[in-house]
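Note sheet for the following structure.
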Amino acid sequence: MGIVQKDAIKTTMISSLGLVLGYLNKGLLFLLILSTEQIGVINLCFSLGVLFAQFSNFGTIYTIWKFFPFFKNKEKKHHGFLPFILLIVTLGILLISSLFFLFQNELEAIYINKSPLFIDYFFWIIPIGIGYVVYLVLDVYLRALFKNIVSVFALDVVLRLGVTFILVFLWLDWISFDSFVVFHSLLFIVPPLILIAYLFKINELHLNIKNINISSRFRKIIFNFSAFNYINSLGAVLVNSLDIIMVAQFLGLKATGVYSTVVFLTSALQVPYKSLVRVSSPLVSEFWKSREMEKMKALYTKVSSVSLVIGLGLFLLVWINIDFLFSFLKYEFQPGIWVFFFLMMGRLVDMFFGLNGSIFNTSKKYKYDVFFTLFLIVAVYYLNTIMIPLWGMAGAAISTAGAFFIYNIGRMLFVYSIYKIHPFKINQFIIIILGVLTLFLTHILKDLFTNEWIQMIFISLVGFLLFFGSIFVFSLEKETINYAIKTKKKLFK
């Protein structure tokens with residue numbers, strides 16, 4: 001796991017800088033400068049832009065992971081694999097953009113009652129979608145080349161720094177909110193431009209369609225694979241976006257502003273996990289190619305174990321201080337406390353089984369994943385239609401968490417039944433018990449101090465020592481300990 005740890009540490013460090021900028025933007029400046037309704041507009045535009053990107057990529061993301069190792073040949077410019085994929089994506093962008101214009105009235109009708117302000121900015125979804133889909137393709141292509149750093153820097157740092165600047169411009173009244181929405185959308189074009197420049201620098205920007213040398217037989221295999229994974233990739237994004245979209249539809253933009261802000265907080269806790277998965281996924285394809293199932297199983301277990309420790313630990317540190325943290329937000333954000341809890345339950349399950357998707361979607365049984373994905377989409381949609389009217393934002397969070405749980409358990413059982421690999425080991429159950437004990441003990445000790453700041457510092461220190469300290473002292477998870485040691489060396493060398 002050496003290459004995974006090395007790149008994961010670097011990407012985590014860059015993502016951590018991006019996380020600081022993200023918190024500065026969404027956790028502070030958004031709340032100070034924008035109204036809750038305006039926050040809802042920006043985050044709804046982003047969610048729909050991400051959905052646009054997933055619809056228009058035509059399943060090419062997993063296709064790159066799956067097939068690039070077979071075409072990888074620098075002297076032959078990888079047989080024109082990149083321009084071949086970009087041609088498919090270009091067709092996707094043209095088709096989805098056309099559908100946006102064609103069904104404009106129907107789409108606007110969904111939000112006209114509860115979120116009318118959003119209608120004024122409807123078409124600024126498209127630049128976000130185009131920028132993000134091109135970024136996704138180039139990012140995965142670079143990951144297949146084991147080049148991770150620049151992609152993370154472009155999205156997590158450069159993009160968020162750009163958002164910081166235009167927020168300051170808005171605060172200084174140099175631009176209007178209308179202009180802010182425009183600039184915010186156009187900023188998503190910047191990361192793919194950076195990746196294009198980087199590919200050119202490392203002599204990997206091969207865009208000439210004359211270089212395409214993929215046999216008709218292989219093209220048929222690729223198209224078949226992409227078609228199935230098109231649905232699968234949509235499912236994952238729909239789960240992450242559908243709740244925000246439906247909150248806007250049922251509850252309005254103010255509730256969307258609250259809900260989407262909490263979604264950002266939960267996503268921020270996933271940064272180390274995402275760094276692990278992004279550098280581990282290309283290895284899965286390599287292991288399938290060489291049929292190294294033991295290495296696959298080892299990687300699966302190690303990534304799951306490290307994700308569990310980091311994800312659960314970060315959740316505990318936030319949850320034991322949740323009232324203190326939300327006290328700095330507007331009163332209308334208070335319902336977001338239980339939204340955070342339920343969303344994190346779903347995220348923790350998804351983090352633990354995170355590599356499951358890469359294993360499934362790059363295996364020979366990838367077609368069967370479509371059934372899990374269709375179930376996921378239908379379940380989330382119908383659960384939201386029932387639970388949002390009943391329990392508001394918390395209902396959306398419960399729907400998402402429940403869907404993540406069933407979806408991941410089902411996929412894991414299927415992979416195990418076919419390939420006899422799973423992510424479990426005894427230490428993981430000990431870590432979960434340790435997490436519950438930490439939560440229980442910190443709750444008992446919480447009222448020892450009346451001063452909120454002293455209470456927060458004391459509880460955080462106790463929680464950190466009880467959870468992470470016990471793991472280190474009793475060597476409950478060696479991979480996490482090694483990961484932490486290497487991270488420390490990188491930070492303080």
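Numbers below:
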quantity	calculated
Residue check for I3: modelled with pLDDT under 85, within 30 Å of L161 (Cβ to Cβ) and more than 20 Å from the chain's Cα centre (by Cα)	yes
Selection within the range 205-227 - exposed (fewer than 12 other Cβ atoms within 10 Å of the Cβ) and assigned to a helix (DSSP H, G or I)	I209, K210, S216, R217, K220
Conditions (1) crowded, with 19+ Cβ neighbours inside 10 Å; (2) within 21 Å of P191 (Cβ to Cβ); (3) modelled with pLDDT under 95: number failed by Y111	(2)
Lone qualifier among Y132, Y141 - being touching a Gly at 6+ places or on another chain (Cβ under 7 Å) and of a type in the set (S, T, Y)	Y132
Selection within the range 401-445 - closer than 25 Å to L234 by Cα and not in a helix (DSSP H, G or I)	H422, P423
Residue that is modelled with pLDDT of 80 or more, charged (D, E, K, R) and under 25 Å from G131 (Cβ atoms), where the choices are K26, K66, K10	K26
From the options V150, V158, V182, V133, residue that is over 28 Å from A248 (Cα atoms) and in contact with a Phe, Trp or Tyr (Cβ under 8 Å, 6 or more places away or on another chain)	V150
Flag if I320 is modelled with pLDDT of 90 or more and touching a Gly at 6+ places or on another chain (Cβ under 6 Å)	yes
Which numbered condition T373 fails, given (1) of a type outside the set (A, V, I, L, M, F, W, C); (2) surrounded by 20 or more Cβ atoms within 10 Å (Cβ to Cβ); (3) within 24 Å of N25 (Cα to Cα)	(3)
Residue match in the range 378-391 (condition: at positive phi, modelled with pLDDT of 85 or more and either in contact with a strand residue (DSSP E or B) (Cβ under 8 Å, 6 or more places away or on another chain) or surrounded by fewer than 24 Cβ atoms within 10 Å (Cβ to Cβ) (or both))	no
Tabulated pairs, the range 417-438, first among the hydrophobic types (A, V, I, L, M, F, W, C), second not in a helix (DSSP H, G or I), C-beta under 8 angstrom, 6+ apart or interchain	I418/S363; I418/K365; I430/L476; I431/L476; I431/E477; L434/L476
Conditions (1) within 19 Å of the chain's Cα centre (by Cα); (2) within 29 Å of M456 (Cβ to Cβ): number failed by N240	(2)
Options F81, F100, F123: the member that is at pLDDT below 85, out of contact with any His (no Cβ under 7 Å at 6 or more places or on another chain) and closer than 25 Å to L193 by Cβ	F81
Flag for F328 being of a type in the set (F, W, Y) and in a loop (DSSP other than H, G, I, E, B)	yes
Pair list, Cβ under 6 Å, 6 or more apart: the range 113-139 residue under 30 Å from P83 (Cβ atoms) and in contact (Cβ under 8 Å) with a residue 60 or more places away in the chain, other residue polar (S, T, N, Q) and assigned to a loop (DSSP other than H, G, I, E, B)	V133/N57
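Yes/no matrix, rows are residues, columns are (1) touching a residue at least 24 places away in the same chain (Cβ under 8 Å); (2) surrounded by fewer than 22 Cβ atoms within 10 Å (Cβ to Cβ):
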{"site": "S307", "(1), (2)": "yes, no"}
{"site": "I310", "(1), (2)": "yes, no"}
{"site": "L317", "(1), (2)": "yes, yes"}
{"site": "S327", "(1), (2)": "yes, yes"}
{"site": "Y331", "(1), (2)": "no, yes"}
{"site": "P335", "(1), (2)": "yes, yes"}
{"site": "W338", "(1), (2)": "yes, yes"}
{"site": "L343", "(1), (2)": "yes, no"}
{"site": "L348", "(1), (2)": "yes, no"}
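Conditions (1) farther than 28 Å from K302 by Cα; (2) among the small types (G, A, S); (3) exposed (fewer than 11 other Cβ atoms within 10 Å of the Cβ), marked per residue:
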{"position": "S417", "(1), (2), (3)": "no, yes, yes"}
{"position": "P423", "(1), (2), (3)": "no, no, no"}
{"position": "H443", "(1), (2), (3)": "yes, no, no"}
{"position": "E452", "(1), (2), (3)": "yes, no, no"}
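The values are calculated or read from the model by the stated rules, or taken from the named source; none is laboratory data. Note that the structure is a prediction, hence the values are computed from the model and not measured. Cβ sites come from the backbone with ideal geometry, for glycine too, and all protein chains shown count toward neighbours.
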